[in-house]
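To start, the structure itself, in structure tokens.
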Amino acid sequence: HQVQLKEIRMRPKIGKHDIEFKLKSARKFLEQKDKVKFNIMFRGRENAHHELGRTILGEIQEQLSEIAKVEQAATMASGRNMIMVLAPR
């Protein structure tokens, strides 16, 4: 099976249940030995609150720590997006 990079997009004001749902699909991708790229898209005034994005990505990293390792830590890319890449263990 060729490893693919699956992208999961979200916004900084995502709800708790929505995060859980995205985690479920991320788990499925990681179990299929695919890498998962989490992309938090900031728009307008949200751009002033990067700490919200870091909090969300930190929570995701914690939840998936037993089946995934961080390949690329949470960083801002191209001004509006915060990206983190997880690879299966």
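The values are calculated or read from the model by the stated rules, or taken from the named source; none is laboratory data. Remember, predicted model here, so these are calculated numbers, not experimental data. Note that each Cβ is placed from the backbone with ideal geometry, even for glycine, and that neighbours are counted across all protein chains shown.
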Checked segment 3-27 for anything touching an Asp or Glu at 6+ places or on another chain (Cβ under 9 Å) and of a type outside the set (A, V, I, L, M); matches are Gln4, Lys6, Arg11, Pro12, Lys13
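If you go through segment 48-60 one residue at a time, how many are of a type outside the set (D, E, K, R), surrounded by fewer than 17 Cβ atoms within 10 Å (Cβ to Cβ) and part of a helix (DSSP H, G or I)? Outline the logic, then answer.
First, the residues of segment 48-60 that are of a type outside the set (D, E, K, R): 48-50, 52-53, 55-58, 60.
Pick out the ones that are also surrounded by fewer than 17 Cβ atoms within 10 Å (Cβ to Cβ) and you get 48-50, 55, 58.
Remaining after also requiring part of a helix (DSSP H, G or I): 48, 50, 55, 58.
Number of matching residues: 4.
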Among (1) assigned to a helix (DSSP H, G or I); (2) farther than 17 Å from Ala74 by Cβ, Lys33 falls short only on (1)
Taking segment 61-89 and keeping residues surrounded by 15 or more Cβ atoms within 10 Å (Cβ to Cβ) and either of a type in the set (Asp, Glu) or closer than 14 Å to Lys35 by Cα (or both) leaves Gln61, Leu64, Ala68, Ile83, Met84, Val85, Leu86, Ala87, Pro88
key: Residue within segment 40-49 that is at pLDDT 95 or above and under 10 Å from the mean Cα position of the chain (by Cα) present   = yes
Given the conditions (1) modelled with pLDDT of 95 or more; (2) surrounded by 15 or more Cβ atoms within 10 Å (Cβ to Cβ), every one holds for Glu7 apart from (2)
Scanning segment 41-65 for residues that are over 16 Å from Glu20 (Cβ atoms) and in contact (Cβ under 8 Å) with a residue 12 or more places away in the chain gives Met41, Phe42, Arg43, Glu46, Asn47, His49, His50, Leu52, Gly53, Arg54
Taking segment 6-32 and keeping residues closer than 16 Å to Lys69 by Cα and touching a residue at least 40 places away in the same chain (Cβ under 8 Å) leaves Leu23, Ala26, Arg27, Leu30, Glu31
